[in-house]
Every structure is written in C-alpha cells, then in structure tokens.
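The values are calculated or read from the model by the stated rules, or taken from the named source; none is laboratory data. Keep in mind that what you see is a predicted model, and the values were worked out from it rather than measured. All Cβ positions, even for glycine, are placed from backbone atoms using ideal geometry, and neighbour counts span all protein chains on display. Areas reflect the complete protein model, heavy atoms only, side chains present, ligands, DNA and RNA absent. Shrake-Rupley method; radii C 1.70, N 1.55, O 1.52, S 1.80 Å.
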There are 6 protein chains.
Amino acid sequence: MPTRNDGRTADELRPVMFQRGFAANAPGSVLVSAGNTVVLCTASVSDDVPPWMAGKGKGWVTAEYNMLPGSTSPRKPRDRKKVDGRTTEIQRLIGRSLRAVVDQQRLGERMVTVDCDVLKADGGTRTASITGAYVALYDALLSCEDLSPEGTWPLVDSVAAVSAGVVGGRVLLDLDYSEDSAAEVDMNVVMTGSGKFIEVQGTGEGGTFTGEELQGLLRAAEAGIQQLTEKQQQSLNGA
Amino acid sequence: MPTRNDGRTADELRPVMFQRGFAANAPGSVLVSAGNTVVLCTASVSDDVPPWMAGKGKGWVTAEYNMLPGSTSPRKPRDRKKVDGRTTEIQRLIGRSLRAVVDQQRLGERMVTVDCDVLKADGGTRTASITGAYVALYDALLSCEDLSPEGTWPLVDSVAAVSAGVVGGRVLLDLDYSEDSAAEVDMNVVMTGSGKFIEVQGTGEGGTFTGEELQGLLRAAEAGIQQLTEKQQQSLNGA
Amino acid sequence: MPTRNDGRTADELRPVMFQRGFAANAPGSVLVSAGNTVVLCTASVSDDVPPWMAGKGKGWVTAEYNMLPGSTSPRKPRDRKKVDGRTTEIQRLIGRSLRAVVDQQRLGERMVTVDCDVLKADGGTRTASITGAYVALYDALLSCEDLSPEGTWPLVDSVAAVSAGVVGGRVLLDLDYSEDSAAEVDMNVVMTGSGKFIEVQGTGEGGTFTGEELQGLLRAAEAGIQQLTEKQQQSLNGA
Amino acid sequence: MPTRNDGRTADELRPVMFQRGFAANAPGSVLVSAGNTVVLCTASVSDDVPPWMAGKGKGWVTAEYNMLPGSTSPRKPRDRKKVDGRTTEIQRLIGRSLRAVVDQQRLGERMVTVDCDVLKADGGTRTASITGAYVALYDALLSCEDLSPEGTWPLVDSVAAVSAGVVGGRVLLDLDYSEDSAAEVDMNVVMTGSGKFIEVQGTGEGGTFTGEELQGLLRAAEAGIQQLTEKQQQSLNGA
Amino acid sequence: MPTRNDGRTADELRPVMFQRGFAANAPGSVLVSAGNTVVLCTASVSDDVPPWMAGKGKGWVTAEYNMLPGSTSPRKPRDRKKVDGRTTEIQRLIGRSLRAVVDQQRLGERMVTVDCDVLKADGGTRTASITGAYVALYDALLSCEDLSPEGTWPLVDSVAAVSAGVVGGRVLLDLDYSEDSAAEVDMNVVMTGSGKFIEVQGTGEGGTFTGEELQGLLRAAEAGIQQLTEKQQQSLNGA
Amino acid sequence: MPTRNDGRTADELRPVMFQRGFAANAPGSVLVSAGNTVVLCTASVSDDVPPWMAGKGKGWVTAEYNMLPGSTSPRKPRDRKKVDGRTTEIQRLIGRSLRAVVDQQRLGERMVTVDCDVLKADGGTRTASITGAYVALYDALLSCEDLSPEGTWPLVDSVAAVSAGVVGGRVLLDLDYSEDSAAEVDMNVVMTGSGKFIEVQGTGEGGTFTGEELQGLLRAAEAGIQQLTEKQQQSLNGA
C-alpha cells in the first residue's frame, strides 16, 4: 500500500499544534498549525450584539476568515472591494460550527467575534480554522469575569473539523494542498468532542461519488476528529 | 403516525411540475414548481468562455440564483449593491451540480449561464432550482445546431436535488418553509439520475445530529431524487 | 398603406393581457403581457414609510424595475454591483406615475413597493410595467383590511402608459423591439383613466422632430391609453 | 396680472451670460449663468472613443453632470460612492442633446467629454448646462486643428434648453428654485437653433395636467429657446 | 544665477489672489489663485456634528478636496466609485490644518465643511486649497450670528501653506507643475500666521535628501508663508 | 528627569527583533517587533509589472498595509468594502520608502509586493512596518536566482523608520500607543542606512510646534534610525 507524499498513512492526521496567547491584543489568540497550514485565530468580546438580538439576554458568536496575501505563492490579492464567494462560505461555516457548542443564554448579552487569518496555506485552512477557533473562543470566554468552567460556562461541548477526500480512488484523511488539488471528492466534517455531527459537506467537483465512498469518508473523518479533540484538550489543560 | 401540515407522509415529495418554454427569450426557459415554491430557470448560451478557459476547446456552465422581491412576504429587498452570502453559496452549488453531468469537451468552446429566479418561495428553493435548471440546460443545448441527444451530446447524466431534515425528531423529506424553520438539522442532497452523489450538505444550525440521523436523511433523499429524475424524464419526453 | 411586421395598423395596440394572482407571495401579483413583452408586477405593503415621511400620517408608493437575464437574447447581465442609468430612470418614472393617482392621506402611514420584473422583453417594457403595476397596486390595496373601493380608497384615478414613435417617417403606436430600434423619435406617454397627462417624454436620439410630428405622437398615445384603461377595468371587474 | 418674485413676466427668461475661456485647462471652458444658477461647462477632447465605436471612423460626445457641495445651502454631499438617479438622468439628457446636433462622421474618431459642474443652483441647472455645454463644445472643436466652421465642421445645428411649468395654475417660463418647488407640472424642452425638437419631458409629480396646459408649456418653451439661441450666437460671434 | 520658467527667482511666490463671495450658495465662497492654479473653496455650516462629538458643546471642521475633470489636460476622470489615495491624503491634511487654528469650544456644537474644488491645476493645489480654505472658513464663521471677531471668535490664528522643492539641485519656493514633475524632493509646509508649524511633509520620491537640503527647504517655506499670511489679511480687511 | 511608562529614557528605542522566515509561503517573510507592536512583513515577487511600466526593463516595488482585527482591543473591523484614508496613506508611505533604496533597472522587469499585516498594535506600526519590510524585501530578492549581493543587487542602501513626538513638552523617541495618544506633535522619519532623509512627516493635530521643537524631533529620530539600521544588519548577517 503506497504511502502519501509526506509519508503519512491514508488515515493519518498531519502534526497539529496550538500556540495560545500568540502576539495579539485580543483576549483569545491562538496560532494553530496542521502541517504547513498555519492560521492565527483571535477571539474578541464586545457588549454589542446584533440589532435583531438586542434585549433578549442572549449572546452571539460570529466568525471572519481571511487569507493573508503572503500565505500563498503566488501572492493572493486582498479582498478589499468585495468578499469572494469562497470566503463567505467558509466564514459562515466557522460561525455555525462554533454556535453549535455555545449556550447563548449562558453567554449573556455579548458578542464574540473569532477572526481566522491564514498565515500559511497548505490545504485544510477552513478545518484548521474551526479547530483553532474553538481554543481561541475558550480563552476569550476565560477572560470574561462572570464566566468560568467551574461556574457559568457557555460552552456545552468542544468542536473540531477535518477534511477527507477520494484521491486516485483511495479515501485519504486530512488532505494537504497537492492532494486536495487532485481529489475527485472533497469532504469537510465538523463534529463535537462528544461525537455528534455539526456539518457534513461532501462535494464532487467535476465528478461524482458512490454511497460506499461516502461512508468511507465519514468513518475516516470521525476518527480524525477524535484525535483533534484530544489535542485541543491537552492544549487547554496546559494553561 | 402524525401526518404533515399539508397531509404528506414523512417520505413524500411535494407535487412537482415543469413548464418548458415559459415566457422568456432565452433558449431554455422552464418554470419549475415544487408545491408552493416556484422558480423560473432560464439557460442562455454564448460563445464567450471565461478567460482562463479560452482556446482549450472546452465549455463551461455557470449559474446565478436570485429571489424576486415579491417571492416572500414581507418583501425581500434586492441584492443591488452586493450579493449576500447565502446567494453566493447557492449559485455556486447550482453551477457545480450542473457541471458534474456535463462533458466539457463535447460542449465545445461555449458558455451556458443558467439563471434561477425564485418567483415564490416556500422552502427548498435551491433544490428546486437545481432540478429545474437541468431541464432548462437540456433545452438550451437542444437549441445548439451542432448538438443533439442522438449525436454529440454534452450531458452524461441527469441531475436533481432535494432537501431532507430532522423536525421534531422525525426525518422528513422535501421540507416546506414552516418545516425548514423548525428543523434541527437541514440537509441538501444532489444526485445524478444514475444514483451517484454530487453533493451532500448537512447542517445542524444551533444543534447537532447523530450518525444514525445522518443515515436516515441520506436514505430519504436518495429515494426522493429517484422520483424527481422520473418527473424530469417525463417532462423532457413530452417535448 | 403598408402594415407593420406583425400585421398591425399604425394606430393599433399589441394584444394586452393581465393574469392577476400569478405565482408570488406578495399581496398584489400580476403577470402583464403586451405582445411578446411580459412583466411580472408584484406589489408589497409594509408599515415602514421612508424616514422623511414618518409621523405625518401619509403613505408612499415606490417602484423598482429590473430585467431578468433571460428576458433578452443575448442574456442581459444582472445589475449586481450598481443599478444602471436606464434602470434608474425607468423605476423613478413608474413610481411617479403611480403616486399621481394615489391620495397619500387616505393611504395612511404605509409603504407600497411595486416591483416590475421583466421576464420577456420585446419593446415597451416600461409602459407595460406601469400599466400592470396599477393593477398590482390595486390588488395590494384590496388586501389591506381598512381600505376598500366602497370605503376609504387611496386610488383617485387609474393610470396606464404606452409608447409611440416615428419610424420611417410614420407615426406608429406601441412599438415592438424591432420598431423601437429603427425609430427616429421615441415617445412615452403616461395618462390617467380620466384623460389627464402625468408624463410626456419624447426623445430624438440621433435625430430631431418637428412640432407636427410631436402632435401626431400625442394623439396616437392618447387613443391607445383609452383602450388600455378599458382592459384594466375589465381585468379588475373580473375579480 | 401678478408679476413673479423677481419681477419677470410669465414668459420672460432670466438674464443669461456666457464667460468663454473661464479658468480651466480644458480646451472648451464656459461659465454660464441664468439668473442665480451658475454652471461651469468644460469640454475635453481625446482620441479614445468607446470600445464599441472603435475603428468606425466616427466620433462620440458624452457628458457628465455634477453639483458642487457649496452650490446649495444646506451643503449637498458629494456623489463619492455612487451616482444618484437624478444625476444619471441629467447627464444622459445632456449627452443625447449634444449628439443630436453632431455629425459623428465629420467629428472623426475622437471623443468629446463635456463636464457640467454646477457652482450655484437656483433651478434650471440641467437646461443651463445644455445651453452652456453647446458653447463649450463649440470651443473645444475649434481647438482641433483639422476642424473649422469654414471647413469640416461636425456641428450641424445649435442646441439650447429651457424649463417651463405650471405654477399656481399659470404657465411660467424658466422657473427658478422657488417656482420649481411649487410647480404642479414641470417641463424641460431641448430644441435646435433651427426650431426642431430634441427632447420634451413633462412631468406632473403629485399631479396631472390637461392637454391645453401641455400646449401652453410647449409654446412658452419654444419662444424661450429662440432667445437663448440668439444669446449663444452673440457669445460665439464675440470670440 | 538662472531664473525660473516664468521668470521668478528661487524664493519668489507666484501671484496670489482671493475672490471672496464667488458664485455659490455656501456662506463662505472664495476663488483662490496662485499663478495658474485656481481653486474654489466653499465653507458650509451645519448643526450636525459627527456622532462621536455630539453633546459635548464642541464643534468640528472638516474638508473635502476634489479636482474637476477639466482642471487638467488630458481630462481627469471623476472619483465616482471611490476616492483615490492622493485625494484622501490631501483632504485629511486640509482638515487638520484648519482645526489647528480653531478653538472647538468657542465654535460651539456646529460643523463646518470646507470644500476645495480645483478648477485649474498647475502644481500646488493642496497648499492653495489650505490658504484659500482659511479665508472661506473666516467668511462662513462671519455668517454665524453668535460669532464675530469682536466677540466670541473660534479662530485663534490664521493658517497658510506653501510648497518648496529641490529641483536640479536648487531649493525653489512654490513649485509649478513643470517644476514639481522634475523635483528630486518635494516639501509641503503648513504654518500659522504667528509662525508656528502645523505640518511638515518632505518626500524624496525616487530619491533622498540631506539634512542641509531639509533646512534650506524649511527656511524658504517659512518666508513664503509670511507673505501669504499678509495677502490673506489684506483680502479679509477689504471686506 | 522623569522616566517613561516602561522605564525608557527619552531617547531610547523599544526592544526590536526580526524573525526571518516566519510562517508564510512568500519568499520574504519577517515577523518584526518593536516592544508590543508586532508586524508580519511578507514580500512576494511576480513577473507582472504595472501596465504603465511594461516593456521598459525596469521593476517596481509596492506595499500594502493592514491591521488584523485582533491587533487592537476593542477589535478593529476589517476594511472589506473600502480602504480607509489612514491605511492608504501608510501603504503609500511604505512603498515610497522602499523604492527610494531600489535601483529599478537592476531589479529588472519584476514586481515586488510587500505586505505589512499588523498582528499586535502598540503605536509605531507604520515605522515598524517600514523597518521590517526592508528585511523582507532583502530576503525576497535573495530568492531571485539572477540577483545576489555579490553580483547584480537592486538595493543601493538600507531603509528604516522611527517616530518621535512632543509629549508633555518633552521630545520622546519611538512613542508607544499611550504616548502617541497624548502627543502634541507626532513625527515620522524615514532615513537610509547612510543617513539621508527619505521622508519627514511632522503633524500637530490640534496643536502647533515651534522651529526649535522641530529640530529636536529630527535629531532624536536620526539617532534612533542609526540604531535600527545596525539591528537590521545584524539580523541579515545572521542568515
């Protein structure tokens, strides 16, 4: 059985690391890396909830995603006039994923914005963003005086994400850029630490996939997310 | 076992109809309805492929999606300054879905744009758009002199889409607006007439779902798409 | 005396039809056709008047105009970044025309937005829009519980519009696209059912016209609008 | 018979003046005033025709209209993000009016842009713009070495414009701002020096007008334009 | 020692003139010229201060800068979609310069907007704008009933500006366009009438400058601004 | 003599560090910090020069500047619709500063874009950006096969920048955010390693400054830049 470019087996994650408290003024600031993909996730807290939520005693979590120009080669021009479609899809996905593990009532009337800025892109930037954003969100909530894991705590579960794909007919976990470019099917899965699904997105761009392949992708992703969840807990316990 | 608002069983589609050649100057023009959801799908053909495709002898299919202001009550303001995130996601999905059944080489250096304008919205507008867009695309290709189903024909399969969701703990097929608003999980599935998957998008906004629920949603959608495929064929055979 | 492309005499309207209650969720929804020109007019009612009118006990009527991409061949790109000059002119004209027959005091502090979306374009889209918008506005007002033609009713007259032009030296009524493209002078006239003028716009793009031609155009338009007014009444009486 | 605010009779123009060669680097630069309305009209010539005209040996004339912030009190904010509907309508009207007296073939493959910037606004800015723009266009064409009134000359006629309106039931010529604000009907007429019509725009905002009133407005405007034409000729002869 | 294009010595200003009360409806309206550079400065007063200042009893002065299309040859396209970087820099500079001589408390809760529209550009448009804007601001404040130079007066000093540059190794004062284009170093200096600095901006685009050159530029500018201050006073005394 | 918040003397720089090769795919990638201000400078190289430079055998260097949302507290919203005035000013300054030390001929027909993304802001972000951008530019040029410091090398000097200001009447070097907010005068100076000036920008927002203060600021900045130049050389020698 052939190994992958970087020597990984088909169901092996790239090395993942979390650097909490990385240079930023935001209360949550995590530099997350998955192999050569590096994302800075910062979480900021404010008292302003969106107008349609005001006065309900509930909070909101939203996210923004952005690739820095130097994160790719050739350079990626900035989204300065409009936000492109891919960016919009990704930041909506990150926001939904985080909200799925937040109890809005316990959060109280505050707004958390999690910014995921990709410093270095090598595939899987949206899933690394979600996995890192959870840790940044955790740290930002720790900074709120009235919240604590021992007392009132808005996080009801953890959340992590990973990609899987069919490349050359094989199901592979956690695709890097070269694998992603060659994939017949690309799937992103977001799950909670307790094993529930939040989001499943499987796409056959320029191709289709069978029910059997779909099941193989789901199994691989599920196993990968269990490992990411452990890494998150280790990082948070190290604080 | 309780029936649904409109008396349907859990695995029953809404009535679907295709009105080919509906008022428009585009070569493909189909008014598709699924219950109270009504979408005008028009397909236009031009010789201009996108710049990055020019000179390769291959064609491209793209899609735009839009809700008319009167399609909802209260009125939905027009996207006149910018295209919102939801619209962008949907039109990218429609485009990918159609391209999955198109042989770009056989299409030749031409561009087909399929416009899906929602006249009346009652849930499932994106899936009705895909299902109708396939018929409009078919008609537009029929209008090209060098293409025919008996000769060179770029469509290698048909494509249709449907939603499914978990509402009040039950898996329901083809959600209308009231069901969609109450759904814990919302899934959209795009498949070919031959039973292959093109896209699976399952989302738990403000909630999560188990592996078992995921499998139930996939089974319901698969059965629904088989019926939609038959309706498409009947409509096209009636020409 | 030569007849026109479609066999009409110089002073003959194209066949006009109104389909009230056409697929839409707006309270007023009329599919109007004038020959091969087809426009969907939907009228929506809301309690929000523009800020500069608030608290005066008066209402406002405004309009938006748009051509669907498939309404022309080749396809017309959407106005997604900005609204082009022609569109702006037309929707301002439709709004002014409707307001001329509305008693703002009797309307009460509410806002009616009439959307005119052109499904199929063959000349005269702005005049068909006005003629259809009146019927949609009527239906939307009927849906307001405190208003009725027998009681308080904001419509003080009806309104309809038609084009006329000088083509090959002849004054023709209700130009289709091929005639419009060849016209030396193009005039749009908006009048009330009682025979008063609301708007007269005569333009000699790349040409000029004499006082005599101006009078001929006015006479033709006046006669055409009388017939359109009758058609509107028949449609409304049929409800 | 009551006189007007400024003592004019009903059919009297405001004093009109043209200051040719006013401070600007453009080849045509005319400061035109009609009473307290003051417009700077500059005409610039370039070799770049619009893409759709290139290679046909014909030229194009276009116009832009703008009100400086200090031209009104209170200050009018600049159109820095988008051009509003009124501005678009006016600059299209100015462009059409100028093109009606230009022989595009004789103009040759060049583009003239006439900018009308309102320095002081007191009603009738669009008609003053047209009347002044003609003089600026004349001067810009004089600056082209291959064109001259004695040799090849693209201007086949002159063009001027004036407003008329029904105010308090009376037909008045050349409305100032206070009259314009009170007018039941507002009409703008553009004519050539030889007495042909280019544009007739009569609008009853919030009102209607009879056929008799329409005829009265046309007669007043026609007489006014004859006088403006003489003023233009005197200014051009004075060069 | 060689003289300059227009015969000036190295430390000589261009002729400067102020035409107060020039055609505009704004309370301050000054046509300022410095040689062939001509700018219309209008100052408007309103009661609306920016939201972040409201309720503090203090006022604000802001500025906008714009070049009319005919001010240059070839024509300068309008900033209708976005404001370019140079424009933004200049209008921020003008605003800061004016605010440096305004006592915001004495101004009271009002907003003055000074618009600098360049009619003819021959170098030094930003410095002429500042010099003229001060006079327009003075006149606008005179129009406020509760303010007067003898009573409460918000202006604590006057302000004027001039450019200097190194051209062909020589320090020159008040560069015209041809000198500016050839300059190795370009400096703009804003000072008060009492000899204090407000802004010093020296730039070596594509070049560098020595400390000695820097000192020479500062001395030349200082002398020039003394003369401009006198011209401003003479103009204001002439009222 | 009172020391500063962080114990520095009036003429003392904050600690400065350069981390070359920091996570990014761009050939030049430097994380520069000056005290608590942290900027990621990435330099990308492409063959596309701006259209107005093409075919001249010369290259161009440009810069973009951006503050990440988490770099400040409260969070700074992204520039997603338009680039604000401050950003535009800063990125133009960075570009000019770099070009002043680049020989465009030796650079050859290539374009270098230096992106300065602020991760943590504590005053002096523009000057830290310039100082770090030089190092990133150096590394990006090293990556070009035909360029080397021993052979053809486009950098004719080094460039660094620092701020100085008058705070509470004292001249201070390298202001942090709290000092910057309290400064009466703020000056930014850009100089080459060989002691020539590139840019001097001194601003008295809401205040003025004397000639003596101006000279003190220039002396302080000059001494600071000498130290920064040494730090840059040490970092580059360490490669």
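Tabulated data
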| read-out | value |
| --- | --- |
| Residue ID - surrounded by the most Cβ atoms within 10 Å (Cβ to Cβ), chosen from residues in the stretch F:136-167 that are charged (D, E, K, R) and over 19 Å from F:SER29 (Cβ atoms) | F:ASP157 |
| Residue in the stretch E:177-188 that is within 16 Å of the chain's Cα centre (by Cα) and open to solvent by less than 30 Å² (accessible area, probe 1.4 Å) present | yes |
| Positions within the stretch B:95-105 being among the small types (Gly, Ala, Ser) and either open to solvent by less than 10 Å² (accessible area, probe 1.4 Å) or closer than 16 Å to B:TYR65 by Cβ (or both), in sequence order | B:GLY95, B:SER97 |
| Yes/no for B:SER73 being over 25 Å from A:ASP84 (Cβ atoms), polar (S, T, N, Q) and assigned to a loop (DSSP other than H, G, I, E, B) | yes |
| Close pairs (7 angstrom Cβ cut-off, 6 or more residues apart or separate chains): more than 8 Å from chain F (Cβ to nearest Cβ) in the stretch A:22-39, in a loop (DSSP other than H, G, I, E, B) and of a type in the set (A, V, I, L, M) anywhere | A:THR37/A:ALA121 |
| Unique match (being open to solvent by less than 70 Å² (accessible area, probe 1.4 Å), part of a loop (DSSP other than H, G, I, E, B) and under 23 Å from E:PRO77 (Cβ atoms)) among D:ALA43, D:ALA10, D:ALA63, D:ALA23 | D:ALA23 |
| Test result for E:VAL114, within 14 Å of another protein chain (Cβ to nearest Cβ) and closer than 22 Å to E:LYS58 by Cβ | yes |
| Failed criterion for A:PHE18 (all others in (1) in a loop (DSSP other than H, G, I, E, B); (2) within 23 Å of A:VAL118 (Cα to Cα); (3) away from chain F (no Cβ under 11 Å); (4) of a type outside the set (Val, Ile, Thr) hold) | (1) |
| Filter pass, E:GLY108 being surrounded by fewer than 18 Cβ atoms within 10 Å (Cβ to Cβ), in contact (Cβ under 8 Å) with a residue 40 or more places away in the chain, under 26 Å from E:THR192 (Cβ atoms) and more than 7 Å from every other protein chain (Cβ to nearest Cβ) | yes |
| Any chance B:ASP146 is within 14 Å of chain A (Cβ to nearest Cβ) and either farther than 27 Å from B:ALA23 by Cα or assigned to a loop (DSSP other than H, G, I, E, B) (or both) | no |
| Members of the stretch C:64-93 that are out of contact with any Leu (no Cβ under 8 Å at 6 or more places or on another chain), facing chain B (nearest Cβ under 8 Å) and modelled with pLDDT of 90 or more | C:GLU64, C:ASN66, C:PRO69, C:THR72, C:SER73, C:PRO74, C:ARG75, C:ARG78 |
| Residue in the stretch A:46-60 that is farthest from the other protein chains (Cβ to nearest Cβ), counting only those that are among the small types (Gly, Ala, Ser) and not in a strand (DSSP E or B) | A:GLY55 |
| Residue count, the stretch D:205-221 (criterion: under 18 Å from D:MET191 (Cβ atoms) and either touching a Ser or Thr at 6+ places or on another chain (Cβ under 6 Å) or at the interface with chain C (Cβ under 8 Å from one of its Cβ atoms) (or both)) | 2 |
| Matching entry among B:GLY108, B:GLY123, B:GLY85, B:GLY95 (being among the small types (Gly, Ala, Ser) and under 26 Å from C:ARG20 (Cα atoms)) | B:GLY123 |
| Breaking point among (1) without any contact (Cβ under 8 Å) to a residue 40 or more places away in the chain; (2) out of contact with any helix residue (DSSP H, G or I) (no Cβ under 7 Å at 6 or more places or on another chain); (3) open to solvent by less than 10 Å² (accessible area, probe 1.4 Å), for B:ILE90 | (2) |
| Positions within the stretch D:67-83 being within 19 Å of D:ARG96 (Cβ to Cβ) and open to solvent by less than 20 Å² (accessible area, probe 1.4 Å), in sequence order | none |
| Those residues of the stretch A:182-212 which are outside any strand (DSSP E or B) and charged (D, E, K, R), in sequence order | A:GLU184, A:LYS196, A:GLU205, A:GLU212 |
| E:GLN232 vs. criteria part of a helix (DSSP H, G or I), closer than 28 Å to E:ASN66 by Cβ, open to solvent by less than 10 Å² (accessible area, probe 1.4 Å) and not hydrophobic (A, V, I, L, M, F, W, C) | yes |
| Qualifying residue in the stretch D:158-173 (condition: in a loop (DSSP other than H, G, I, E, B) and within 13 Å of chain C (Cβ to nearest Cβ)) | yes |
| Residues located in the stretch E:111-126, provided they are under 24 Å from E:ALA54 (Cβ atoms) and open to solvent by 30 Å² or more (accessible area, probe 1.4 Å) | E:MET111 |
| Enumeration of residues in the stretch D:91-140 that are outside any helix (DSSP H, G or I), of a type in the set (D, E, K, R) and closer than 25 Å to C:VAL185 by Cα | D:ASP103 |
